[in-house]
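Structure, as structure tokens:
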Amino acid sequence: MSAQPISTDSIATRASQVVRGACPHDCPDTCAMLVTVEGGKATRVAGDPDHPFTRGFLCAKVNRYVERTYHRDRLLFPLRRVGPKGSGRFERCSWDDALTEIAARLNAIRESADGPQAILPYSYAGTMGLIQGSSMDHRFFHLIGASLLDRTICSMAGTMGMRMTVGANIGADPEGVPESDLILLWGTNTLTANPHFWPFVLEARERGARVIAIDPIRTRTAAQCDDWIGIRPGTDAALALGMMHVMLDRGLEDAAFIADHTLGFDELRERVREYPPERVAAITGVPVETIVSLGEQYGRARAAFIRVNYGLQRHAGGGMAVRTIACLPALAGHWKRAGGGVQLSSSANFQFDKRALERPDLSPPVRTINMIRLGEALTTRDAGVGGPPVRAMVVYNSNPAAVAPDRNEVLRGMAREDLFTVVLEHFQTDTADYADFVLPATTQLEHWDLHLSYGHHYVTLNQPSIEPVGESLPNSEIFRRLGARMGLDHTVLQDDDVTMIKQALGSKSEKLAGVTFETLVEKGWTRLNVPTPYLPFAAGAFPTPSGKCELYSARMAGMGLDPLPAFTPPYEFPDTAPELAARYPLTLISSPAHQFLNTTFVNIDSLRKSAREPECLLHPLDAERRGIAPGMRVVVHNDRGAFTAVARVEETIRPGVVWAPSIWWGKFAADGANANQTTSQRETDMGHGPVFYDNLVEVGLAD
Ligand SMILES: Nc1nc2c(c(=O)[nH]1)N[C@H]1C(S)=C(S)[C@@H](COP(=O)(O)OP(=O)(O)OC[C@H]3O[C@@H](n4cnc5c(=O)[nH]c(N)nc54)[C@H](O)[C@@H]3O)O[C@H]1N2
Ligand SMILES: Nc1nc2c(c(=O)[nH]1)N[C@H]1C(S)=C(S)[C@@H](COP(=O)(O)OP(=O)(O)OC[C@H]3O[C@@H](n4cnc5c(=O)[nH]c(N)nc54)[C@H](O)[C@@H]3O)O[C@H]1N2
Ligand code: SF4
Ligand SMILES: [Mo]
């Protein structure tokens, strides 16, 4: 294959060929994808068999990527709203008209007394690609001086927890897992959310490793494990402190590793005294024997691997929970060996030149709006943070009308007739229904991109394999053209996508040494410049201010937080909010359905049929008490809102907890509602993240 950038023309016209790409979705696996193109049409996608993490397979969702790309509902040309907001009534218009009108509306706001900060970008990881997700878009909004968006909706609490403890959101290498003798799948539904990690778990198990799931729900993953620990939601920090108590009590700690590579052990030891197994059992609902056994197994293991994921940090104390768990491998010395340590993410290893891509230097000083407080931002005069009201919103790579918490308030804001909304999309989502203009965007098969991963250590390039479907354009090109139409003539708007990929790769980071555009074009992906397996902290060298694993964190003290690991109760916790719990006694977890990726794929018939309809899983004890039998229609509600679902009743969930597999589009639900009708806009202890699963509800029969 030529090392020159290939034009989409030459790709699309060859009779039959396989083009190398990357799965764009928000998933730790970032699969290397092979796209078969015949006569200009994509006919098949497959996982690259040579890729050490993809291992030749894609998941059930992305196997449908060709179906999604050529879907009958794919947006093919720009649309202008003709009905009331939310009605979904639109008419076709030309790109020329759409760009002219959008440019005029945005320029009028920029020049008004409210100024450019009244314009809000809203995006997340609909594609994880750096080019279609955080390059030209950022340059555009920085140049016009729009408000900044704090992109907190997924991972910020845990990211901060890792940074404060080990120094960066990096961790143990999943490719070391076969060497592991104990694997804790802690708050992660691996088979659904991180499926390519599973073969490594199985390899370790064949060699004798024990696999334990810690999750309030006996998920399909937990059902495959040796043990399921059905913890009470939001209490993981207490369990980790209980494990430390057992380890220190039995002398199972690694004194040498602690002395050489940690800070604050004496203070932590004092803290741990406050968490004997009996107290931890009362907080977590995990039996004393289980806590003791877990602490002993962890302390005695040679190389224990903790795969913690983002599910468990969606509670008030999410940052502290991840931080506390992240202290465990340093106490036991597990970082020293392949297969030992903790992984939340690998993303901070990918030190692309983000400044060159995004050009934050072009932005004047402006306010920042937290994306999880969108409801508040759109319904208050000062956007909830001071400054002008939000008068225009440009949405891309996200579906806030379905995914943002406190959906009733979000929709109230989006329905404002004086709000000018532009949505770049593949499909007419719930969000697109509220747009003034909908602009058709290309999919991964139709544009260039560059990908990091948050679950492994390979950089992946995505080459376009087909011509844009209909009149769709890459996000990057839409912002380029909109900028020009608005009269912006800065040269940063002229870089093409391949130029920007090279700019991103141009960083001086040691970990990117040898990762070049040419190798990526040739092979599709390449490993970061780290050993296999990568043992980031085998010799300490934690990237914290002290260079140690900070069991005591002065930075946290400076932020007004407890500098030591601690249990932080959820906001909506029966023990600390008894009055609320009297009315709403059940904790709702609305974690991903197996068939969907957030709201992506809900409109793919085969996948939606397999997910049936919005469901609510209850424990038989909770169901009986409410007269609920399997298959009955129920209403899940609290003071924020309500949605209906069909009851499933099984012992695969902890009593007191209910599960609504998510995230449904409102328009595919009988009542137009989804789980976010009940979730709150409150923020986690660290990182300003969301608390989706810190959510008390009641479930009753629908009439
Ligand atoms: N198929 C599929 N894959 C996905 C996604 C998807 O929507 N569908 N989403 C992607 C995205 S954006 C992300 S961020 C990741 C998320 O990946 P994960 O973090 O693995 O996903 P979640 O399903 O949010 O949470 C995992 C588990 O945490 C459990 N949990 C909830 N609260 C607690 C708690 O307090 N303690 C403990 N121990 N467990 C708890 C839930 O019951 C759930 O089974 O997955 C990605 N992969
Ligand atoms: N109740 C509840 N709510 C949650 C969660 C939960 O577990 N429970 N999970 C939260 C988490 S972890 C996350 S990450 C967020 C995810 O929230 P979002 O990032 O909004 O994710 P999606 O719902 O998948 O929506 C992504 C949209 O981007 C579009 N898209 C994809 N590629 C492109 C492109 O190249 N160009 C353009 N213009 N559009 C594109 C897709 O068509 C899709 O509609 O949701 C959060 N919300
Ligand atoms: S969604 Fe995840 S598992 Fe599925 S193909 Fe994409 S990266 Fe792989
Ligand atoms: Mo996420």
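Determine whether the stretch 185-207 contains at least one residue that is out of contact with any Leu (no Cβ under 7 Å at 6 or more places or on another chain) and part of a strand (DSSP E or B).
To start, the set of residues in the stretch 185-207 that are out of contact with any Leu (no Cβ under 7 Å at 6 or more places or on another chain) comprises 185, 188-197, 199-207.
Next cut, part of a strand (DSSP E or B) only: 185.
There is at least one residue in the stretch 185-207 that is out of contact with any Leu (no Cβ under 7 Å at 6 or more places or on another chain) and part of a strand (DSSP E or B).
Taking the stretch 594-603 as the search range and keeping residues that are within 13 Å of ligand 3 (Cβ to nearest atom) and outside any strand (DSSP E or B), which one is surrounded by the fewest Cβ atoms within 10 Å (Cβ to Cβ)?
H594
Name the residue, out of S453, S465, S398, that is hydroxyl-bearing (S, T, Y), modelled with pLDDT of 95 or more and out of contact with any Ser or Thr (no Cβ under 6 Å at 6 or more places or on another chain).
S465
Go through the stretch 19-39 residue by residue and tally those that are within 11 Å of ligand 2 (Cβ to nearest atom) and closer than 13 Å to I466 by Cα.
Total satisfying the criteria: 0.
Can you tell me which condition N408 does not meet? The list is (1) part of a loop (DSSP other than H, G, I, E, B); (2) open to solvent by 20 Å² or more (accessible area, probe 1.4 Å), and all the others hold.
Looking at each condition in turn, N408 falls short on (1).
Going through the stretch 300-355 one residue at a time, which ones are of a type in the set (D, E, K, R) and crowded, with 24+ Cβ neighbours inside 10 Å?
Hits for the stretch 300-355 are R307, R314, R323.
Could you check, for the stretch 626-639, whether at least one of its residues is within 16 Å of ligand 3 (Cβ to nearest atom) and either surrounded by fewer than 17 Cβ atoms within 10 Å (Cβ to Cβ) or under 26 Å from D605 (Cβ atoms) (or both)? Spell out the reasoning first.
Step one: filter the stretch 626-639 for residues within 16 Å of ligand 3 (Cβ to nearest atom), giving none.
Looking for residues that are within 16 Å of ligand 3 (Cβ to nearest atom) and either surrounded by fewer than 17 Cβ atoms within 10 Å (Cβ to Cβ) or under 26 Å from D605 (Cβ atoms) (or both), one finds none in the stretch 626-639, hence no.
P121 - would you say it is open to solvent by less than 20 Å² (accessible area, probe 1.4 Å), away from ligand 3 (no atom under 16 Å from the Cβ), within 23 Å of the chain's Cα centre (by Cα) and closer than 28 Å to F420 by Cα? First the steps, then the outcome.
On the way: open to solvent by less than 20 Å² (accessible area, probe 1.4 Å): yes; away from ligand 3 (no atom under 16 Å from the Cβ): yes; within 23 Å of the chain's Cα centre (by Cα): yes; closer than 28 Å to F420 by Cα: yes.
Yes: the conditions hold for P121.
Any idea which of V438, V459, V515, V469 is crowded, with 19+ Cβ neighbours inside 10 Å, over 27 Å from the mean Cα position of the chain (by Cα), on the phi < 0 side of the Ramachandran plot and hydrophobic (A, V, I, L, M, F, W, C)?
Details: V438 fails: over 27 Å from the mean Cα position of the chain (by Cα); V459 fails: over 27 Å from the mean Cα position of the chain (by Cα); V515 fails: over 27 Å from the mean Cα position of the chain (by Cα).
Exactly one residue qualifies, and that residue is V469.
Return yes when L362 is of a type in the set (A, V, I, L, M, F, W, C) and in contact with a strand residue (DSSP E or B) (Cβ under 8 Å, 6 or more places away or on another chain) and no when it is not.
Values: of a type in the set (A, V, I, L, M, F, W, C): yes; in contact with a strand residue (DSSP E or B) (Cβ under 8 Å, 6 or more places away or on another chain): no.
Against the criterion (of a type in the set (A, V, I, L, M, F, W, C) and in contact with a strand residue (DSSP E or B) (Cβ under 8 Å, 6 or more places away or on another chain)), L362 does not qualify.
Go through the stretch 648-658 and give me each residue that's surrounded by fewer than 24 Cβ atoms within 10 Å (Cβ to Cβ) and either of a type outside the set (D, E, K, R) or at positive phi (or both).
Result: V649, T652, I653, P655, G656, V657.
Quick one: what pairs do we get from the stretch 56-76, first residue free of Cβ contacts under 8 Å to residues at least 60 places away in the same chain and part of a helix (DSSP H, G or I), second open to solvent by 60 Å² or more (accessible area, probe 1.4 Å) and within 16 Å of ligand 4 (Cβ to nearest atom), C-beta under 7 Å, 6+ apart or different chains?
Partner pairs satisfying both residue conditions: none exist.
Tell me which residues, restricted to the stretch 359-405, are open to solvent by 30 Å² or more (accessible area, probe 1.4 Å) and outside any loop (DSSP other than H, G, I, E, B).
P360, D361, L362, T368, R373, E376, T379
The values are calculated or read from the model by the stated rules, or taken from the named source; none is laboratory data. Fair warning: this is a prediction, and the values are worked out from it, not measured in the lab. Note that we place each Cβ from the backbone using ideal geometry, even for glycine, and neighbour counts take in every protein chain shown. Surface accessibility is based on the protein's heavy atoms, side chains included, excluding ligands, DNA and RNA. Shrake-Rupley method; radii C 1.70, N 1.55, O 1.52, S 1.80 Å.
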